[in-house]
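Data first, discussion second: the structure below is written as structure tokens.
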Amino acid sequence: MGGSKAIPSLLLASVVLGGCAAHQPASEQALEAARVSFQAVKEDPNVLRAAPKDVIRAGESLGRAERLSSYWGSAEDVRHYAYLSQRYAEIARQHSEISLNQERAAKLELERQRLLLTLREAKLLSVQQHSGWLEEQMVSLATSETERGLVMTLGDMLFDAGRAELQPAANRTVLKLVQFLQINPQRRVRIEGYTDNTGSAEENLELSRARAQAVADLLVDLGVDPKRIQVVGYGIDFPVAENASARGRAQNRRVEIVFSDERGQLGAER
Amino acid sequence: MNRFLFVLLALGLTACASDPAPNEQLRLTEQALTQAKALGVDGEQSESLRLAEDKFVRAQAALQDGQNKEARLLAEQAELDARLAEAEHLNGKGREQLAELNHRISRLRQQLGAM
């Protein structure tokens, strides 16, 4: 409320100064625009609920502008308070949108949780139907110890050629991964995509990243906190076999999952 | 008495610079600007923040020149411009969050549909 004290002297100044600035239609336009904005926020229950103070200030500033508009030489002040009124109205409108979106987000989050549970149950069921799930449980994740820490490899057959979507065959491995991450809440993973050397390097880089991202997305969908997941695409770099044979190329097309230590410390990227 | 005061004031007023120096308002404006920037609003993206920064600089210059009223008007506007920049920024973040949630939900639906 920086202006409230200044009002009497402003009024005096405008009376005394008389012609400091002539009364211009521009100030009348600004006043009209402020009236329209204020009217809109005043009648919107959501805005009133989200930002009552800003609506009140918009009204006060508008009132000030209205009063000043009857004085000579106050065009600048009218425009000023009309501007402030419009700003307050716009701020109120933004806050109303923010809180409406927060409410929407809370509802969607519930919906997401519900779908997540359904999906998890459905996947479990499908895995159980497909094979001896319990036996599978006994077998640890197919990992290998490397200088980068524990690394798990998702092979080529889990993706169609040139595509980034995971095939249903990946469900079991991914579920085991999710389970492992639930049991080890401190651990984090880096998902690294790799390709063979067919095609352009840029396309392969893009594809490797998209595939790693697809695995990450599925983990997130199944409830793993995105903050625990890093995604990197390496394209044709770091092949594990020669690219000369079809077999070698298939080995090179892979997604590797690097696990952090128990404290969540991941090894450096390559 | 009132009339006497009025005449006295009227005589005393020689220029638009008769307002007190709006130091408090400039402090408030600076605070609003700092807060907006701390939230990650930047002038590249936010027209409102650019306005606020520009007016704040002009308000400081006006204060230097003894144009106290000019300084106050600019600083008051700049404060609200900065607050609007902040609200717009938060609103944008909220919209992004909604879009992300919707995206995740549609992905979940897609996966459920594929089973």
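The values are calculated or read from the model by the stated rules, or taken from the named source; none is laboratory data. Bear in mind the structure is a predicted one, so any value in this text is a computation, not a measurement. Ideal geometry is used to build each Cβ from the backbone, glycine not excepted, and the neighbour counts take in all protein chains shown.
Below is a table of values for the structure above.
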{"quantity": "Test: residue in the range A:160-180 that is in contact with a strand residue (DSSP E or B) (Cβ under 9 Å, 6 or more places away or on another chain), touching a residue at least 24 places away in the same chain (Cβ under 8 Å) and assigned to a strand (DSSP E or B)", "calculated": "yes"}
{"quantity": "Out of A:ALA105, A:ALA92, sole residue that is touching a Gly at 6+ places or on another chain (Cβ under 8 Å) and closer than 22 Å to B:HIS89 by Cβ", "calculated": "A:ALA105"}
{"quantity": "Residue match in the range A:204-223 (condition: within 14 Å of another protein chain (Cβ to nearest Cβ), surrounded by fewer than 21 Cβ atoms within 10 Å (Cβ to Cβ) and assigned to a loop (DSSP other than H, G, I, E, B))", "calculated": "yes"}
{"quantity": "A:LYS123 of a type in the set (D, E, K, R) and at pLDDT 95 or above", "calculated": "no"}
{"quantity": "Helices (runs of 4 or more DSSP H) contained in the range B:10-115 and holding at least 1 residues in contact with a helix residue (DSSP H, G or I) (Cβ under 8 Å, 6 or more places away or on another chain) and within 7 Å of chain A (Cβ to nearest Cβ)", "calculated": "B:23-38, B:68-114"}
{"quantity": "Selection within the range A:88-118 - at the interface with chain B (Cβ under 10 Å from one of its Cβ atoms), of a type in the set (D, E, K, R) and under 20 Å from A:ARG49 (Cβ atoms)", "calculated": "A:GLU90, A:ARG93, A:GLU97, A:ARG104, A:LYS107"}
{"quantity": "Lone qualifier among A:ARG228, A:ARG172 - being over 26 Å from the mean Cα position of the chain (by Cα) and over 24 Å from A:ALA241 (Cβ atoms)", "calculated": "A:ARG172"}
{"quantity": "Single residue of the range A:54-93 satisfying the filter (touching a residue at least 24 places away in the same chain (Cβ under 8 Å) and of a type in the set (S, T, N, Q)) that is nearest to A:ALA33 (Cα to Cα)", "calculated": "A:GLN86"}
{"quantity": "Residue check for A:VAL36: surrounded by 15 or more Cβ atoms within 10 Å (Cβ to Cβ) and away from every other protein chain (no Cβ under 13 Å)", "calculated": "no"}
{"quantity": "Residues that are in contact with a Lys or Arg (Cβ under 8 Å, 6 or more places away or on another chain) and surrounded by fewer than 18 Cβ atoms within 10 Å (Cβ to Cβ), drawn from the range A:229-264", "calculated": "A:GLN230, A:VAL232, A:ASP237, A:PHE238, A:VAL240, A:ALA241, A:ASN243, A:ASP261, A:GLU262, A:GLY264"}
{"quantity": "Test: residue in the range B:47-57 that is among the hydrophobic types (A, V, I, L, M, F, W, C), surrounded by fewer than 22 Cβ atoms within 10 Å (Cβ to Cβ) and more than 15 Å from B:GLU79 (Cβ to Cβ)", "calculated": "no"}
{"quantity": "When residues of the range A:56-83 are limited to those that are under 36 Å from the mean Cα position of the chain (by Cα) and surrounded by fewer than 24 Cβ atoms within 10 Å (Cβ to Cβ), the one nearest to the other protein chains (Cβ to nearest Cβ)", "calculated": "A:TYR83"}
{"quantity": "Residue tally, condition closer than 19 Å to A:VAL55 by Cα and buried (at least 24 other Cβ atoms within 10 Å of the Cβ), over the range B:58-82", "calculated": "6"}
